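Comments concern the structure below.
The values are calculated or read from the model by the stated rules, or taken from the named source; none is laboratory data. Not measured: the values here are computed from a predicted model. Note that we place each Cβ from the backbone using ideal geometry, even for glycine, and neighbour counts take in every protein chain shown.
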Amino acid sequence: MKYKLRLLRPVNNTGRFGEKSTQWVEAGTVSAQLDKRTGRRTSQNAEISSDYTVEYTIRRYRTSEIAEGWRVQQVGLPAVYTVVSIIPNLELGMATLVCDRFND
């Protein structure tokens, strides 16, 4: 496993006036292998933007520490990705994280 991923889990908060917010708290790091990286151009409402997807493989026993909807960030890179799905590979004892790039 060549790369390190920071795991970011959501923590929902309610303020004094009832407003809701989500903070992203680091939940540790995992070793990962980058399997696939794709990018494409999309057009929404006459606005062209880029859409990126990556797939990381991690060891299966570490998937208990992460869930769909969490975010990951490869250590040393600025891009943050949202985990869309977790695909188990029971034969190899691994799991693939399918992630879409998060845009602020």
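Couple of notes before you dig in:
- Of the residues contained in the range 43-66, none is found to be without any contact (Cβ under 8 Å) to a residue 24 or more places away in the chain, touching a Phe, Trp or Tyr at 6+ places or on another chain (Cβ under 7 Å) and not β-branched (Val, Ile, Thr).
- Any hit, the range 28-35, residues being among the small types (Gly, Ala, Ser), at pLDDT 90 or above and assigned to a strand (DSSP E or B): yes
- Qualifying residue in the range 62-85 (condition: of a type in the set (D, E, K, R) and in contact with a Cys (Cβ under 9 Å, 6 or more places away or on another chain)): yes
Conditions (1) in contact with a Gly (Cβ under 9 Å, 6 or more places away or on another chain); (2) within 21 Å of residue 10 (Cβ to Cβ); (3) among the small types (Gly, Ala, Ser), marked per residue:
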| position | (1), (2), (3) |
| --- | --- |
| 44 | no, no, no |
| 53 | yes, yes, no |
| 56 | no, yes, no |
| 67 | no, yes, yes |
| 72 | no, yes, no |
| 78 | no, yes, no |
| 83 | yes, yes, no |
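- Residue 9 fulfils the conditions (1) exposed (fewer than 13 other Cβ atoms within 10 Å of the Cβ); (2) farther than 22 Å from residue 89 by Cβ; (3) basic (Lys, Arg); (4) touching a residue at least 12 places away in the same chain (Cβ under 8 Å) except for a single criterion, (1).
- Residue pairs whose Cβ atoms lie under 9 Å apart, sitting 6 or more positions apart in sequence or on different chains, and linking a residue in the range 79-104 that is more than 17 Å from residue 5 (Cβ to Cβ) and touching a residue at least 24 places away in the same chain (Cβ under 8 Å) to a partner that is of a type in the set (Phe, Trp, Tyr) and not in a strand (DSSP E or B), are 93/61.
- Residues satisfying the stated conditions in the range 12-32, i.e. over 13 Å from residue 71 (Cα atoms) and either surrounded by 14 or more Cβ atoms within 10 Å (Cβ to Cβ) or touching a helix residue (DSSP H, G or I) at 6+ places or on another chain (Cβ under 6 Å) (or both): 31, 32
- Residue within the range 38-54 that is modelled with pLDDT of 90 or more and part of a strand (DSSP E or B) present: yes
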